[in-house]
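Take a look at the structure set out below.
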């Protein structure tokens, strides 16, 4: 079972990353999707994307087992946010080339995103950077990736309406331990959430909670 990393941020929030070494067939056997999930997975036509989706779900299954919970199938609400059927635990999943990831929060909302460092992020940074973030992220690929990753995690945590990344999601500079605060500004309220950053291998991983 190639769990690359598993981390308990606190007693309620945990996350895990699965490094993909298996074929779709082997991942499917390990995961054992139920009927509705099987339909969702069969709708994914690109083999690599199917691998990543299965890896993220396996990471989730591993987290739940670690905390002593039985696994229930995933369903998506009207906004596309994933939930566990017949379960109050909140979840989030993410994937990128070669990896799948999941996070759980036993008492509240959660979002996770994982990203590779890419030079292209400099070209699109103006589309997602808030002026306050430019002061600490600058033109640094690692910092820009952290901002993007954190905003994706917050977006997944929010999971209700579309948000403008450069205006409605604002990330404070992480401290030396990789902890930060992210703000969501929507029409109803302004809310701060905790952010935890990590750098497993070539990835940036961020959990919002």
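All conditions but one from (1) in the same structural domain as residue 174 (by TED's automatic domain parsing); (2) in contact (Cβ under 8 Å) with a residue 60 or more places away in the chain; (3) surrounded by fewer than 21 Cβ atoms within 10 Å (Cβ to Cβ) apply to residue 98; the one that does not is (1). The single residue among 144, 163 that is within 19 Å of residue 110 (Cβ to Cβ) and touching a helix residue (DSSP H, G or I) at 6+ places or on another chain (Cβ under 7 Å) turns out to be 163. The helices (runs of 4 or more DSSP H) found wholly in segment 102-194 and carrying at least 3 residues that are exposed (fewer than 14 other Cβ atoms within 10 Å of the Cβ) occupy 121-128, 131-137.
Please determine, by comparing only the residues of segment 136-164 that are free of Cβ contacts under 8 Å to residues at least 12 places away in the same chain and within 18 Å of residue 195 (Cβ to Cβ), which one is nearest to the chain's Cα centre (by Cα). Reasoning before the result, please.
Taking segment 136-164 and keeping what is free of Cβ contacts under 8 Å to residues at least 12 places away in the same chain, we get 138, 140, 143, 162, 164.
Among the residues that remain, those that are also within 18 Å of residue 195 (Cβ to Cβ) are: 140, 143.
On the way: 140: 22, 143: 17 Å.
Going through the qualifying residues, I end up with 143.
Of the helices (runs of 4 or more DSSP H) lying entirely inside segment 1-68, those containing at least 2 residues that are surrounded by 14 or more Cβ atoms within 10 Å (Cβ to Cβ) and at pLDDT 95 or above are 47-66. Flag set for residue 199, criterion: modelled with pLDDT under 95, surrounded by fewer than 20 Cβ atoms within 10 Å (Cβ to Cβ) and farther than 27 Å from residue 77 by Cβ. Assess whether residue 84 counts as being under 11 Å from residue 60 (Cβ atoms), in contact (Cβ under 8 Å) with a residue 12 or more places away in the chain, surrounded by 13 or more Cβ atoms within 10 Å (Cβ to Cβ) and more than 12 Å from the chain's Cα centre (by Cα). Yes: the conditions hold for residue 84.
The values are calculated or read from the model by the stated rules, or taken from the named source; none is laboratory data. All values derive from a computational prediction rather than experimental measurement. Cβ sites come from the backbone with ideal geometry, for glycine too, and all protein chains shown count toward neighbours.
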